[in-house]
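S.K.: Quick one: the structure is below, and I'll ask about it shortly.
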Amino acid sequence: MRHRLGRIGVITTVSALVMSGTAAMGVAQARPAQPTGLYAPSALVLSVGKGSAASAVTVERAVTLSCAPRPSGTHPSPTAACTELRSVEGEFTRLTTTPSQGNCTRQWDPVVLDATGVWQGRNVSWSASYGNACEMRASLGEGPVFAF
């Protein structure tokens, strides 16, 4: 004798069998996710692109940077970049200074820096726009975070 169960009937039957099997085997209920390490995550994607706004930028270069438990990623100097970020407590606005207008031309060729990800467990979404690459370099100084 063949029985035809609709989709709902199959789902209900399977769910009931799984639940009764789980209860019969004495399997514990699922627990909330627990942290897997002693460090809050710090993983970022850093990019440099051409364009006047972060939403319309053409990314030219991008790297990954993870700082916990140890510096790693595709960034060419992850240890130096993580050290600099720790010194400013992950506040990207503290990495930049007001560029000197005397050293750069006023050529309009906009550049956008972007940092997205997590820093010590906090979501990060930061970007800064500059009139050209010279202004960007003058603002960042010799800092390693965006030196890629």
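Rundown of residues vs (1) modelled with pLDDT under 55; (2) more than 19 Å from residue 130 (Cβ to Cβ), yes/no style:
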residue: 3; (1), (2): yes, yes
residue: 18; (1), (2): yes, yes
residue: 23; (1), (2): yes, yes
residue: 33; (1), (2): yes, yes
residue: 40; (1), (2): no, yes
residue: 43; (1), (2): no, yes
residue: 74; (1), (2): no, yes
residue: 102; (1), (2): no, no
residue: 114; (1), (2): no, no
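S.K.: Right, another one. Kindly indicate whether residue 109 is closer than 20 Å to residue 60 by Cα and either in a loop (DSSP other than H, G, I, E, B) or of a type in the set (Phe, Trp, Tyr) (or both). Outline the logic, then answer.
M.R.: Numbers: closer than 20 Å to residue 60 by Cα: yes; either in a loop (DSSP other than H, G, I, E, B) or of a type in the set (Phe, Trp, Tyr) (or both): yes.
Against the criterion (closer than 20 Å to residue 60 by Cα and either in a loop (DSSP other than H, G, I, E, B) or of a type in the set (Phe, Trp, Tyr) (or both)), residue 109 qualifies.
S.K.: Here's another thing I want to ask about it. With the requirement that a residue be over 16 Å from residue 97 (Cβ atoms) and touching a helix residue (DSSP H, G or I) at 6+ places or on another chain (Cβ under 9 Å), what does the range 126-148 give you?
M.R.: 127, 148
S.K.: Exactly one of (1) closer than 14 Å to residue 140 by Cα; (2) out of contact with any Gly (no Cβ under 6 Å at 6 or more places or on another chain); (3) part of a strand (DSSP E or B) is unmet by residue 97. Its number?
M.R.: Just one mismatch for residue 97, condition (3).
S.K.: Say we look at the range 45-56 and pick out the residues that are under 22 Å from residue 91 (Cβ atoms) and modelled with pLDDT of 85 or more; which of these is surrounded by the most Cβ atoms within 10 Å (Cβ to Cβ)?
M.R.: 46
S.K.: Give me the pairs: first residue in the range 78-90 and more than 16 Å from residue 64 (Cβ to Cβ), second residue charged (D, E, K, R) and part of a helix (DSSP H, G or I), beta-carbon distance under 6 Å, and six or more apart or on different chains, which are they?
M.R.: 88/94
S.K.: Pick from 120, 107: which is surrounded by fewer than 16 Cβ atoms within 10 Å (Cβ to Cβ), farther than 13 Å from residue 44 by Cα, out of contact with any Pro (no Cβ under 7 Å at 6 or more places or on another chain) and not basic (Lys, Arg)? Step through it out loud before you land on a result.
M.R.: Numbers: 120 fails: farther than 13 Å from residue 44 by Cα.
Going through 120, 107 in turn, just one is surrounded by fewer than 16 Cβ atoms within 10 Å (Cβ to Cβ), farther than 13 Å from residue 44 by Cα, out of contact with any Pro (no Cβ under 7 Å at 6 or more places or on another chain) and not basic (Lys, Arg): 107.
S.K.: I'm trying to understand the selection: among the residues of the range 112-126, which are polar (S, T, N, Q), within 15 Å of residue 66 (Cα to Cα) and assigned to a strand (DSSP E or B)? Let's see the steps before the verdict.
M.R.: Quick first cut of the range 112-126, residues polar (S, T, N, Q) only: 116, 120, 123, 125.
If we keep only those that are within 15 Å of residue 66 (Cα to Cα) as well, we get 116, 120, 123.
Within the range 112-126, 116, 123 qualify.
The values are calculated or read from the model by the stated rules, or taken from the named source; none is laboratory data. Model, not experiment: these values are computed from the prediction. Ideal geometry is used to build each Cβ from the backbone, glycine not excepted, and the neighbour counts take in all protein chains shown.
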